[in-house]
Amino acid sequence: MPISATIITLNEGDNIADCLAALDFVDEIIVLDSGSSDQTEELCRACPKVRFYHQEWLGYGRQKNRAAELARHDLILNVDADERVSPQLRRSIEQFDSSSFAAARMARENYFGRRWIRHCGWYPDYSSRLYDRRRCSFSERAVHESLQTAGAVATLAGNLVHYTYNGVGDYLERMNRYSTLAAEEYHRAGKTAGLLRMLVKPVATFIKMYLLRRGFLDGRTGLVLSLLYAVYTFCKYAKLSELNAEEHRK
């Protein structure tokens, strides 16, 4: 069955060329861009398999669904620009039986800087990315979207290599944006964030990642990552508390 790969982009000039090179086995690549000001479009249009489109930002889930709608084929492989399909995963994708499964999940090999994080809950970090768009679609959450499937899900051999963060600075920059989106989503859902929750949730996040998920086995990087996730959790609930307070003042 022919495969359409989909990628949503915004200023991915440093990543997109290697991502596209690892997708040379698919039949077409849909790139849906939300306003890049770097060389993303130029690099994409240089690839013969790419069909490049512009779309104002809709949120992660809706943006990915829109990219799938633009594809010529029903079997969709969704990847991010900072991800690479490994040779073993490529072979598994090419052998996928779309008549028996609605989707397939794959392990993600996540990197923080130059280190592959094998613990902290970061591996195998299964994610469903190969799917039949007639039976599956992404949840329309603003952040942390997931594939909603109507049918059996296979597990593929091979890793989807993910260069998650370049380092602490990159994490902190994106954390501010992600924590805002998460807080806004919680606010719309009517969730609250009292002092106890702001205190307990970050500590619980650290304990889960560093101790229960054995982040200590990843050495110094495991400690740094667990602490950063605790900070993210605190910021998310602190921003939610601000939103709730602003609403009460109105």
* To do: Let me know the charge dipole size of the chain about its Cα centre in debye, to the nearest 20, where only the beta-carbon of Lys, Arg (+1) and Asp, Glu (-1) is charged.
  => 1060 debye
* Asked: Under a GNM of the chain (C-alpha, springs under 10 Å), which listed residue has the highest mean-square fluctuation: 125, 80, 170?
  -> 170
* Asked: Can you give the extra length, in nm with one decimal, that the chain gains between residue 118 and residue 211 once fully stretched, where that is 0.36 nm per residue apart less the Cα-Cα distance?
  -> 32.1 nm
* Asked: Counting only complete DSSP H runs, which helices of the chain cover 20 Å or more along their long axis at the Cα atoms and score a mean Kyte-Doolittle of -0.5 or above?
  -> 219-249
* Indicate, rounded to the nearest 5 percent, the antiparallel portion of the DSSP beta bridges found entirely in the chain. => 40 percent
* Relative contact order [Cα under 8 Å, 6+ residues apart], the chain, whole percent -> 18 percent
* Helix-only CD estimate at 222 nm, as mean residue ellipticity for the chain, using -39500 (n - 2.57) per DSSP H run (n ≥ 4) -> -12000 deg cm²/dmol
* Sort 122, 57, 116 so the one with the fewest other Cβ atoms within 10 Å of its own Cβ comes first. => 57, 116, 122
* **Proximal lysines to residue 191, defined as alpha-carbon separation beneath 25 angstrom and excluding residues fewer than eight positions away on the same chain** => 201, 208, 236, 239, 250
* To do: Express in nm, to one decimal, how much length is gained between residue 247 and residue 204 on full extension, taking 0.36 nm for each residue of separation and deducting their alpha carbon distance.
  => 12.7 nm
* **More than 22 angstrom apart: percent of Cα pairs within the chain** => 59 percent
* **residue 94-residue 192 pseudo-label distance in nm [points 7 Å out on the Cα-to-Cβ vector]** => 5.7 nm
* Asked: Tell me, 207, 76 in order of fewest to most beta-carbon neighbours within 10 Å?
  -> 207, 76
* Kindly put 131, 53 in sequence by how many other C-beta atoms sit within 10 Å of each C-beta, fewest to most. => 53, 131
* Just going by the charge dipole of the range 168-249, with Lys and Arg at +1 and Asp and Glu at -1 on Cβ, which of 182, 228, 210 is farthest out on the positive end? -> 210
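Read-outs throughout are calculated quantities, based only on the coordinates presented, and are distinct from any laboratory measurement. A quick note: this is a predicted structure, and the numbers were derived from the prediction, not measured. With ideal geometry, Cβ positions are generated from the backbone for all residues, glycine too; neighbour counts draw on all protein chains shown.
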